[in-house]
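What follows is one structure encoded as structure tokens, with my remarks underneath.
The values are calculated or read from the model by the stated rules, or taken from the named source; none is laboratory data. Just so we're clear, the structure is a prediction, and the values are computed from it rather than from any experiment. Positions of Cβ are generated from backbone atoms using ideal geometry, with glycine treated the same way; all protein chains shown enter the neighbour counts. Heavy atoms of the whole protein, side chains included, go into the accessibility calculation; ligands, DNA and RNA do not. Shrake-Rupley method; radii C 1.70, N 1.55, O 1.52, S 1.80 Å.
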Amino acid sequence: QVQLVESGGGLVQPGGSLRLSCAASGNIFTIYDMGWYRQAPGKQRELVASITRGGSTNYADSVKGRFTISRDNAKKTVYVQMNSLKPEDTAVYYCNAEIATAWGEGTIDTWGQGAQVTVAS
């Protein structure tokens, strides 16, 4: 009943930039925290960056100064601008959001389908 759809992945050379977008749709009352995670082959999924509804942000040490997370609450969309990309940033990037479907109800931990980001020359 709620869905996250990601876009913007692809192949980029080291030092390049990409922007990922993730739009929420469905029966949504409020979206609380939103974030981006990534999973490289053979590794566990890890938090990249998160943002609260009020705009407070948190970043993994490995991406601080290179990635910027932002959101548009009216559009129900979260973004991550990725600059100075490195080969070790190669992974599948997943969008995550805590979504309430009605007043007073608990939240649903919702995930996108994943977007491949490959950094290679």
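Some notes on this structure:
- Debye-sum result for the chain in log10 I(q)/I(0), which assumes one identical scatterer on each alpha carbon, at q = 0.15, 0.16 Å⁻¹: -0.63, -0.71
- For region 57-121, average projected area of the Cα convex hull in nm²: 5.7
- Of Glu98, Glu88, the order by accessible heavy-atom surface (1.4 Å probe, DNA, RNA and ligands excluded), from most exposed downward, is Glu88, Glu98.
- Its convex hull of Cα atoms gives region 1-68 a direction-averaged projected area, equal to a quarter of the hull surface, of 6.0 nm².
- Gained length - Lys86 relative to Thr68, 0.36 nm times residue gap less alpha-carbon distance: 5.0 nm
- Global geometry of region 30-69, whether rounded, prolate or oblate, following the gyration tensor of its Cα atoms and the 1.5 cut on a/c: oblate
- Cα→Cβ-extended label distance, 7 Å offset, between Lys43 and Ser17, nm: 2.3
- Taking a sphere under 15 Å around the Cβ of Pro87 and counting the other residues whose Cβ falls inside, with K and R at +1 and D and E at -1, yields a net charge of +2.
- Only the Cβ atoms of Lys and Arg (+1) and of Asp and Glu (-1) were treated as charged; on that basis the dipole of the chain about its Cα centre amounts to roughly 280 debye.
- Ligands, DNA and RNA are left out, and with a 1.4 angstrom probe the accessible area of region 1-89 is 55 Å² per residue.
- For Ser56, net neighbour charge (Lys/Arg +1, Asp/Glu -1) across residues whose Cβ lies under 13 Å away: +1
- Heavy atoms of Lys75: accessible area, 1.4 Å probe, square angstrom to 10: 130
- Relative contact order of region 22-121, pairs being alpha-carbon contacts under 8 Å that are 6 or more residues apart, as %: 31
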